[in-house]
1. Being part of a loop (DSSP other than H, G, I, E, B) and either of a type in the set (S, T, N, Q) or in contact with a helix residue (DSSP H, G or I) (Cβ under 9 Å, 6 or more places away or on another chain) (or both), is that true of even one residue in the range 40-56?
2. Quick one: how many residues across the range 57-96 are touching a helix residue (DSSP H, G or I) at 6+ places or on another chain (Cβ under 7 Å) and assigned to a helix (DSSP H, G or I)?
3. Here's a check for you: in the range 1-23, which residue that is of a type in the set (A, V, I, L, M) and crowded, with 16+ Cβ neighbours inside 10 Å is modelled with the lowest pLDDT?
4. Taking the range 3-48, which residues are within 19 Å of LYS74 (Cα to Cα) and β-branched (Val, Ile, Thr)?
Amino acid sequence: MGLSYDEDENLAAKIKEVIEEGCACDDGVTLVALERLRARGPGPGVVKVAFASAKEKVAVLRGKTNLKSQDKFKKVFIRSAKSHTERVMEENFKVLLHDLPNGSDYFVSGNGRVLRRGDRGAERAPPPLAYAPAGSRGGGQARRR
């Protein structure tokens, strides 16, 4: 799915077209690096794009919602890449969440937030552990020495 592949493709021109027409970004977006990765399935490979600044990247990511309203770009998907460290931390957190009591009632959303299953509209869910307030010992009154 996504950006079609040709043997003698001009990848920079294709990406500029997606950014300017599809995302409705101005001409001020500068592409630093482009690379089409090998295909891992029946469709063409993923295209990695590096921008000159974070401001340009944010502008394109904000404009990506305009893609689905145009037939030409309906199957083009844009998302921000995570670093190796971010992916490892997220995977470790999922393992820990799975091992907690009632951890299966929660999931990690695409943006890294912990949400309760079934509450798609909820912004944040309370932690899956019950905890006692600081200073209490759980038996009623605190002991004095």
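The values are calculated or read from the model by the stated rules, or taken from the named source; none is laboratory data. Being a predicted model, the structure only gives us computed values, none of them experimental. Cβ placement follows ideal geometry from the backbone for every residue including glycine, while neighbour counts extend to all protein chains displayed.
1. yes
2. Number of matching residues: 4.
3. Residue satisfying both the conditions and the ranking: LEU3.
4. ILE15, VAL18, ILE19, VAL46, VAL47
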